Amino acid sequence: MYSEEVLKKLYADMILVRLSEESLVEPILSGDVKCPVHLYSGQEAVAAGIGAVLNEKDSAFGTHRSHGHYLVKGGSVKEMIAEIHGKSTGCSKGRGGSMHLYAPDKGFLGAAPIVAGTISLAVGAGMASSIRKDGTVAVSFFGDGAVGEGVLYESLNLAALRKLPVIFVCENNLYSTHLHISEIRPNDEIYKIAEPFGITSFRVDGNDVLEVYEAAEKAVEQCRNNNGPVFIETLTYRMRGHVGPDDNIQGTHTDIRPAAEVEDWRQKDPIERLKKYLLENGVADVEELDLIEREIQQEINEAYVFTNDSQLPPKSELEKYVFSK
Amino acid sequence: MSSANRKLQYSLAINEAFHQMMESDESVFLIGQGVKSPWYVGKTADGLIKRFGAERVIDTPVSENGVTGAAVGAAIAGMRPVVMHPRMDFMLYAFDPIINQAANWHYMSGGTSSVPVVIWGVVNRGGEQAAQHSQAFHALFSHIPGLKVVMPATPYDAKGLMVAAIQDNNPVVFIDDRWLYGVEDEVPEELYSVPIGEGIIRKPGNDVTLVAVSYMAHIAHKAANSLEKEGIDVEMIDLRTVKPLDTEIIFNSVKKTGRLVIADGSWKTGGFAAEIIALVNENIFDHLKQPAVRVTLPDIPAPASADLEKSYYPDEGSIISAVKSLIKN
């Protein structure tokens, strides 16, 4: 049903994201990393599943929590780790930090932390595609918190009105910073907000990468056939807290999530689930999966060597990049 | 073909800029509320839909935030959109895409990505339209790093600066004034641009430097001509661009005259006139014979009723009094 190549790519992409994210915990705690970092651990299936159906010409915009989106879209791990360390070799030359990642040559047009602020930008990329008739698709990644912003509804309307090839991907991880979804919405069925606009919308298990992938395949096909846009709500969970490595567990200083809830979701770890599937279906054996993991760990280690060898941007270049030539 | 002395209305000069730019560059498109309707946009969009189709001339729902964001996103994706706001007041809904996104984008991406978008807002002063239909926000936008702000006063500059704004690789806020739309003057037929950041001396003089932009440049020019008859020799400068400011043209003039009046169609506090005075004080303070004078709107929302409106908006008389106050001293 799924090609071996796709399955292994999904696995490798999720491992790349998870290991990159967890590699940052120590540098954050030690103070080597100072910028705000919103870890994506736990949500890997969403980025990987969507990313697997896109090509380099397709575009994507992300949020404050976009390491995963950037990486699966083809952004360089080295340049991401360097950026998060404020180095001049970073993907944003030390001007952006963790929340501003860019890889335009791979179609990752940018991530920015104003909640819902990049949704309309993705609609614009979809509009560019429809004017140029180049067949590309634009993806907007955003969280459940963005559903409170008016611009989302303006964007849905505009995209539906002009049948733009845009995939709206809402990653519902149940928490809008510190507030549970029950405190910000009268119901939790986010995907239904797209229905009144006549937009095809559905909800998938965001911790099941194969379910996300199938939904993404349908969505991208619909968009490429000029029957966009599509809205996908992915139910998922961030294993870390809103920002930094803190788990936001009740009883600790951030005091937000019940420990049992976090534990429940740990049992639904998307990587473990795919691993089980691969092994049970004979797609790969343990040795092969270990090798994939070791190779990716090696790539991440090299990213840290690259980062350590890189310089901070010189103070004399403070004014560089205010205006484009 | 090219006739330097052909006359064209301000609104048709903008229209010609669109026709020529959309013809020469397929990535240029126009989006915004009312681009289909002369009721909204005057003659600025005449013939565009017919020639370029509804794909590239996009009339929109009333969704300033989403629509401006879409224009910004399209620019990031390689297009050169012009997004139209027929009343600048409504453009405040779009602060996020203009300021947080477009203005910062090139910097926060370390130069990796650019946003060649024109954000076009029209000021609609007067006509008893009151506070939410008449505001001029150029000072607000000029405060933001990464934005350029242009305010052409003449048909020639309207065409040339619209072309320059579209060709620029940065977000440019293009602000015009509905009161200028009927102004007629010489506009060359060929495609040309007016450099962003360059002012122009409309009337040379030696006694007082008078600086203005947009509609106020016309009033200031008239005032300068009237003062001439009274033997006061005013140098009138139309800056044309609010940001980046042509400081050279201002400084050279003030060095010569030692006196400075700024006439601005927006508020006093934290305004465009204040910025010019600050720059003059910082750089060439010793050349000033007297403190500079500002002719601006009072720090009051625009009223509706005609008599209140009359005292609200500075006119030729306000500028003449300001200039004379410097000469008397």
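Odds and ends about this structure:
- Label zone (A:Asp247, point 7 Å along Cα-to-C-beta; backbone nitrogen cut-off 20 Å) within region A:18-32: A:18-30.
- Only Lys, Arg, Asp and Glu carry charge here, each on its Cβ (+1 for the first two, -1 for the last two); on that basis region A:120-223 has a dipole of about 580 debye about its Cα centre.
- Debye equation applied to the C-alpha atoms of region B:3-186, log10 I(q)/I(0) at 0.09, 0.11, 0.15, 0.18 Å⁻¹: -0.28, -0.42, -0.81, -1.19
- Taking every C-alpha pair closer than 8 Å and separated by at least 6 residues, the mean separation divided by the residue count of region B:3-186 gives a relative contact order of 28 percent.
- Fully extending the segment from B:Ser318 to B:Glu186, taken as 0.36 nm per residue of separation minus the present Cα-Cα distance, adds 44.6 nm.
- Protein-protein interface of region A:33-79, residues with accessible area decrease of at least 10 Å², isolated chain reference, 1.4 Å probe: A:Phe61
- Protein accessible area in region B:200-328, 1.4 Å probe - carbon and sulfur %: 53
- Only one residue of A:Tyr237, A:His253, A:Ala215 has its Cα farthest out toward the positive end of the dipole of region A:4-308, where Lys and Arg carry +1 and Asp and Glu -1 on Cβ, and that residue is A:Ala215.
- Protein accessible surface hidden between B and A, which excludes ligands and nucleic acids, total in Å², probe 1.4 Å: 3200
- Among the trypsin sites (Lys or Arg not before Pro) in region B:260-323, those located in a DSSP loop and surrounded by at most 13 other Cβ atoms within 10 Å of their own Cβ are B:Lys289.
- Kirkwood radius, region A:31-188, all distinct C-alpha pairs, inverse of mean reciprocal distance: 15.9 Å.
- Accessible surface of chain A, 1.4 Å probe, proportion on carbon and sulfur as whole %: 50
- Peptide B:160-170 - average C-beta neighbours from other chains (10 Å radius): 1
- The residues of region B:3-186 present an accessible area of 31 Å² per residue when probed at 1.4 Å with all protein chains retained.
- Residue of A:Pro229, A:Pro314, A:Pro27 that the Gaussian network model of chain A assigns the largest fluctuation, springs spanning Cα pairs under 10 Å: A:Pro314
- Residue by residue, region A:155-170 carries 3J(HN,Hα) couplings of 5, 4, 4, 5, 5, 5, 4, 9, 6, 7, x, 10, 10, 8, 10, 8 Hz when phi is fed to the Karplus relation 6.51 cos²θ - 1.76 cosθ + 1.60 (θ = phi - 60°); x denotes Gly or Pro.
- Longest exposed-site-free window of chain B, the sites being GluC sites (Glu not before Pro) in a DSSP loop that have at most 16 other C-beta atoms within 10 Å: B:231-329
- Shown here for region A:223-324: GluC sites (Glu not before Pro) in loop regions (DSSP other than H, G, I, E, B) with at most 16 other Cβ atoms within 10 Å, namely A:Glu319.
- Hydrodynamic radius of region B:200-328 by the Kirkwood approach over all distinct alpha-carbon pairs: 14.5 Å.
- Fluctuation leader among A:Ile249, A:Ile271, A:Ile167 - chain A, Gaussian network, Cα springs under 10 angstrom: A:Ile249
- For region A:293-325, residues shielded by at least 40 square angstrom of accessible area compared with the chain on its own, probe 1.4 Å: A:Tyr321, A:Val322, A:Phe323, A:Ser324
- P(r) tail fraction, chain A - alpha-carbon pairs more than 36 Å apart, %: 16
- Accessible solvent surface per residue of chain A, calculated while the other protein chains remain in place, 1.4 angstrom probe, Å²: 41
- Accessible surface area normalised per residue over region B:200-328 is 43 Å², counting heavy atoms of protein chains with a 1.4 Å rolling probe.
- Expected-Rg normalisation [2.2 N^0.38 Å, Cα atoms] applied to the protein assembly as shown: 1.08
The values are calculated or read from the model by the stated rules, or taken from the named source; none is laboratory data. A quick note: this is a predicted structure, and the numbers were derived from the prediction, not measured. Glycine gets a Cβ as well: all are built from the backbone with ideal geometry, and neighbour counts include every protein chain shown. Ligands, DNA and RNA are stripped out before the accessible areas are found, and what is left, the full protein with its side chains, is counted by its heavy atoms. Shrake-Rupley method; radii C 1.70, N 1.55, O 1.52, S 1.80 Å.
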